[in-house]
Amino acid sequence: MIKRIVYLNRINPFIDKDIIKVITGIRRSGKSVLLQQIQDELIQRGKNKSNFIYINFEDLQYESLLDYETLNKELVKRIQQIDGKAYIFLDEIQKVISWEKTINSLRASF
């Protein structure tokens, strides 16, 4: 796996800041790899992997979460099980209709 140093350096100042981060780019450009590398960076900073929620919407096991209300309920349930700060990584989130509503609701609630 090629370490995405330039992109990691760009996002590092925003890690643990109270803003939502959205990574965009063309297909097959390494966005999923970058998500993994951000998780690795968090672990190096002493964060517990059990505080991470990772969902890849290309995986059919998450097909039931393609509705923003269902996704919201699932994420709230998972966040409530975490001791401390939750880090949420949603790969291919554009597959969820009105996903922004879920993200805004989570930000308002947590």
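Go over the candidates Lys21, Lys77 one by one and state the one that is surrounded by fewer than 15 Cβ atoms within 10 Å (Cβ to Cβ), modelled with pLDDT of 90 or more, over 18 Å from Asp91 (Cα atoms) and not polar (S, T, N, Q). Write out each step before concluding.
Details: Lys21 fails: over 18 Å from Asp91 (Cα atoms).
Selected residue: Lys77, the only one of Lys21, Lys77 that is surrounded by fewer than 15 Cβ atoms within 10 Å (Cβ to Cβ), modelled with pLDDT of 90 or more, over 18 Å from Asp91 (Cα atoms) and not polar (S, T, N, Q).
Look through region 95-110, keep the residues that are of a type in the set (A, V, I, L, M) and surrounded by 15 or more Cβ atoms within 10 Å (Cβ to Cβ), and return whichever of them is farthest from Asp67 (Cα to Cα). Step through it out loud before you land on a result.
In the first step, residues of region 95-110 are kept if they are of a type in the set (A, V, I, L, M); the result is 96-97, 103, 106, 108.
Pick out the ones that are also surrounded by 15 or more Cβ atoms within 10 Å (Cβ to Cβ) and you get 96, 103, 106.
On the way: Val96: 6, Ile103: 13, Leu106: 15 Å.
Applying the filter and picking the extreme gives Leu106.
Of the residues in region 52-105, how many are among the aliphatic types (A, V, I, L, M) and over 28 Å from Arg28 (Cβ atoms)?
First, the residues of region 52-105 that are among the aliphatic types (A, V, I, L, M): 53, 55, 60, 65-66, 71, 75-76, 79, 82, 86, 88, 90, 93, 96-97, 103.
From what is left, the residues that are over 28 Å from Arg28 (Cβ atoms) are 76, 79, 82, 86.
Counting residues in region 52-105 that are among the aliphatic types (A, V, I, L, M) and over 28 Å from Arg28 (Cβ atoms) gives 4.
Among (1) in contact with a strand residue (DSSP E or B) (Cβ under 7 Å, 6 or more places away or on another chain); (2) within 19 Å of Phe110 (Cβ to Cβ), where does Gln81 come up short?
(1)
Just to be sure I understand, how many residues within region 39-58 are closer than 15 Å to Gly84 by Cα, aliphatic (A, V, I, L, M) and not in a helix (DSSP H, G or I)?
1
Just wondering, is there one or more residues in region 14-31 that are over 25 Å from Ser105 (Cβ atoms), in contact (Cβ under 8 Å) with a residue 12 or more places away in the chain, out of contact with any Asp or Glu (no Cβ under 9 Å at 6 or more places or on another chain) and not in a strand (DSSP E or B)?
Taking region 14-31 as the starting set, the residues that turn out to be over 25 Å from Ser105 (Cβ atoms) are 25-30.
Retained after the next criterion (residues that are in contact (Cβ under 8 Å) with a residue 12 or more places away in the chain): 30.
Retained after the next criterion (residues that are out of contact with any Asp or Glu (no Cβ under 9 Å at 6 or more places or on another chain)): 30.
Filter once more, so that each one left must be not in a strand (DSSP E or B): 30.
So far as region 14-31 goes, yes, one or more of its residues are over 25 Å from Ser105 (Cβ atoms), in contact (Cβ under 8 Å) with a residue 12 or more places away in the chain, out of contact with any Asp or Glu (no Cβ under 9 Å at 6 or more places or on another chain) and not in a strand (DSSP E or B).
The values are calculated or read from the model by the stated rules, or taken from the named source; none is laboratory data. Values in this document were obtained by computation on a predicted structure and should not be read as measured data. Note that we place each Cβ from the backbone using ideal geometry, even for glycine, and neighbour counts take in every protein chain shown.
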